[in-house]
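Have a look at the structure below before the remarks.
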Amino acid sequence: MTLFRFLLHLRSSRTMATSQQCLNPTLFKSFASSNKNSCTLCPSPFLQLKSASTIFNFKPLTSSSATIITRVAASSSDSGESITRETFHGLCFVLKDNIDTDQIIPAEYGTLIPSIPEDREKLGSFALNGLPKFYNERFVVPGEMKSKYSVIIGGDNFGCGSSREHAPVCLGAAGAKAVVAESYARIFFRNCVATGEIFPLESEVRICDECKTGDVVTIEHKEDGSSLLINHTTRKEYKLKPLGDAGPVIDAGGIFAYARKAGMIPSA
C-alpha cells in the first residue's frame, strides 16, 4: 500500500469530484465544492479528500528540519499563528528539459533502501549520476558523498519517467534543498511532497536559460506564499509560484510526519 493510499484509507473512502484543472501536476488550484472543510493536498483526482471534521484541515506547521539555511518567523494573516519561512542560499546546478528519473538516479541503485542511513548516503552520492556526457559538471564529484550545489534549476517536464521515490530522496540526501523548474512530471512532484525531501518550486519564466551552473542564488519565501529566486551572479530576480497546500507537508518532513503533527494518525 502506497503512502498516499494509506492516508486515504485513514480519512475516508469517499472522494470529491474534481475539475479538469485539478489534473495539472504543478498547479494547486481550489475547485468548487459545497463542503467548506475539504482540502487539496496534491493535484490528483484520487487525493481530493473530504473531511467530516475541521481537525483534519491542512494548516501550516513549523518545520523542524535541520537542512534549511535560514529561518524567518512570520505571522499568518488568517490565524495569527507563527509560520516558519525558509530561505535557501548556495550554488545552483542548471539542467534543461525532460530530466527523467533514470538520469536523476539510475535504476541499478533502486535496491538501496532510503530508511537505512548507509544506503541513504550512497543514494546521495549517485544523485544525477545518469546525466548525459554533455553535462560537463557533475552534481556530485566522484568519490564524494555530498554535492556542493544546494539548488537545482531545470526546464520543462522535470522528473519524468518512472515513479521511483528514490529520485527526490537521492537529491535530498546529496544536500539539495530545492528544485526550481518550468514544470514537473506529476509523479515526481507528488513524491517530493510525500517524502518531504526537497521543495519542487515552479518558475514563471524559463530560468534555466538565464542561469549557469555555479551561480550563487538565494530562494526567499514570501508571506503571500510565493517565493523569489535571486541570482546574485547575474543580479536578476525571478518570482516563483506558490506551493499551496503542499508547502506545509514538505515543511513537516513528508506526508506521514505531517499527518502525525496534525493529529491525523498517532505519533510514532
Q) Can you give the accessible area per residue of region 119-268, in Å², using a 1.4 Å probe? A) 41
Q | Radius of gyration and Dmax over the Cα atoms of region 114-268, both given in Å | A | 15.7, 49
Q.
Name the residue from THR101, GLY161, THR87 whose Cα lies farthest towards the positive end of the charge dipole of region 84-187, charges +1 on Cβ of Lys and Arg and -1 on Cβ of Asp and Glu.
A. THR87
**Q.** Cα-centre dipole for region 192-246 with unit charges at Cβ (Lys and Arg positive, Asp and Glu negative), debye to 20
**A.** 220
**Q.** Among the listed pairs LYS177/LYS236; LYS133/LYS241; LYS122/LYS212; LYS146/LYS239; LYS148/LYS212; LYS122/LYS239, those beyond 25 Å (Cα-Cα)
**A.** LYS133/LYS241; LYS122/LYS212; LYS146/LYS239; LYS122/LYS239
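Run the accessible area of region 110-162 with a 1.4 Å probe and give the carbon-and-sulfur part as a rounded percent. Numbers along the way, then the final one.
Working: 1580 of 2890 Å².
Its accessible area is 55 percent carbon and sulfur atoms.
Please go through region 95-133 and write out the trypsin sites (Lys or Arg not before Pro) that DSSP classes as loop and that have at most 10 other C-beta atoms within 10 Å. Walk me through the numbers before you get to the answer.
Numbers: sites: LYS96, ARG120, LYS122, LYS133; in loops: LYS96, LYS133.
Counting only loop positions with at most 10 other Cβ atoms within 10 Å, the trypsin sites (Lys or Arg not before Pro) in region 95-133 are LYS133.
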Q: Assuming a ≥ b ≥ c are the square roots of the Cα gyration tensor eigenvalues, decide whether region 105-164 counts as rounded (a/c under 1.5), prolate (otherwise, with a/b larger than b/c) or oblate.
A: oblate
Q: With θ set to phi - 60°, apply the Karplus curve 6.51 cos²θ - 1.76 cosθ + 1.60 along region 236-252 and write out the HN-Hα couplings as whole Hz, x wherever there is a Gly or Pro.
A: 10, 10, 9, 7, 10, 6, x, 7, x, 5, 6, x, x, 5, 5, 4, 6
Q: Please turn the phi angles of region 118-126 into ³J(HN,Hα) values with the Karplus equation 6.51 cos²θ - 1.76 cosθ + 1.60 (θ = phi - 60°), one per residue in order, whole Hz, x for glycine and proline.
A: 5, 5, 4, 5, 5, 4, x, 5, 9
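Size of the dipole of region 111-268 about the Cα centre, Lys and Arg at +1 and Asp and Glu at -1 on the beta carbon, nothing else charged, in debye to 20?
Details: 19 positive and 20 negative charges, 48 e Å.
Taking the Cα centre of region 111-268 as origin, the dipole is about 220 debye.
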**Q.** For region 198-210, 3J(HN,Hα) per residue [Karplus equation, 6.51 cos²θ - 1.76 cosθ + 1.60, θ = phi - 60°, Hz, x = Gly/Pro]
**A.** 8, 8, x, 8, 10, 8, 8, 10, 7, 5, 4, 8, 10
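The values are calculated or read from the model by the stated rules, or taken from the named source; none is laboratory data. What you see is a predicted model; the values in this text were computed from it and never measured. Using ideal geometry, Cβ is built from the backbone for each residue, glycine included, and neighbour counts are taken over all protein chains shown. When the accessible area is computed, the model is the full protein with side chains, heavy atoms only, and any ligands, DNA or RNA have been set aside. Shrake-Rupley method; radii C 1.70, N 1.55, O 1.52, S 1.80 Å.
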